[in-house]
1. For an R0 of 35 angstrom, estimate the FRET efficiency from the Cβ-Cβ distance between Gln35 and Asp129 and round to the nearest 0.05.
2. What's the carbon and sulfur percent of segment 28-135's accessible surface, probe 1.4 angstrom, rounded to a whole number?
3. Could you check the simple spin-label distance between Thr60 and Ala155, using points 7 Å along Cα→Cβ, in nm with one decimal?
4. Sort out for me the Cα centre separation of segment 30-67 from segment 104-174, rounded to whole Å.
5. Going out from 0 in 5 Å bins, what whole percent of all Cα-Cα distances in segment 21-165 drops into each bin?
6. Mean separation of Cα pairs under 8 Å and 6+ residues apart, divided by the residue count of segment 38-174: what relative contact order is that in percent?
7. Take the Cβ-Cβ distance between Tyr137 and Phe116 as r, set R0 to 25 Å, and report the resulting FRET efficiency rounded to the nearest 0.05.
8. Which one, Asn124, Val110, Gly100, is farthest towards the positive end of the dipole of segment 24-174 when Lys and Arg carry +1 and Asp and Glu -1 on their Cβ?
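The values are calculated or read from the model by the stated rules, or taken from the named source; none is laboratory data. Predicted model only: the values in this text are computed from it and were never measured. So basically every Cβ, Gly included, is an ideal-geometry build from the backbone, and we count neighbours across all protein chains shown. The area values use the complete protein model at the heavy-atom level, side chains included, leaving out ligands, DNA and RNA. Shrake-Rupley method; radii C 1.70, N 1.55, O 1.52, S 1.80 Å.
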Amino acid sequence: CHLGAPNWIRTVDGYNVWPQYMGGIDVSGTGNLIQGGSVRLAGRSCVHVAGTGNTVRQMTLEDCGWNWAAEAGIMLNESDQSLIERNTIRRTALAGIVIGPRSRVLSNLVENVCLFAEDCGNLNTWSMDGKGAEVAYNILRGNRTRWGAAIYLDAGSKNFNLHDNLAEGILWSG
């Protein structure tokens, strides 16, 4: 499946714009698999994952989050035990991937992120207990934010297992 410019703005009642209805793929529930294909020019996140045990694999996600909904290429903050592997994520308004608890983020290319932010990471979380979340074998490049990092465990985030990631072209001037 390939989505281009999905739901930039979709009104629900004819007047109001509700952010939960803007974006690419939105998955909740348990045990779902999103595999192969692409999402480009999503107003919100390219892929928003909620629920438990969902997988996003071998997707190309580009130009995500352009409506300022404070979302990333892949959002996991409302999910548990997600597997995110072998995806390419590039040119996001905010973070490439927002990590959720007990998730596994493996072997992804995440580059040219945080284009509209000054405090942001290629892989990012805010005040989260990772509960053993694993982040490994990722290539993280091209973060030019003032207070940015390849892997940004912000505001007291804890219990993440980070290993064997490559970071290059990351600017930190804070």
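1. 0.75
2. 45
3. 3.5
4. 18
5. 2, 12, 23, 26, 23, 11, 2, 0
6. 18
7. Calculated value: 0.35.
8. Ranked along the dipole, the leading option is Val110.
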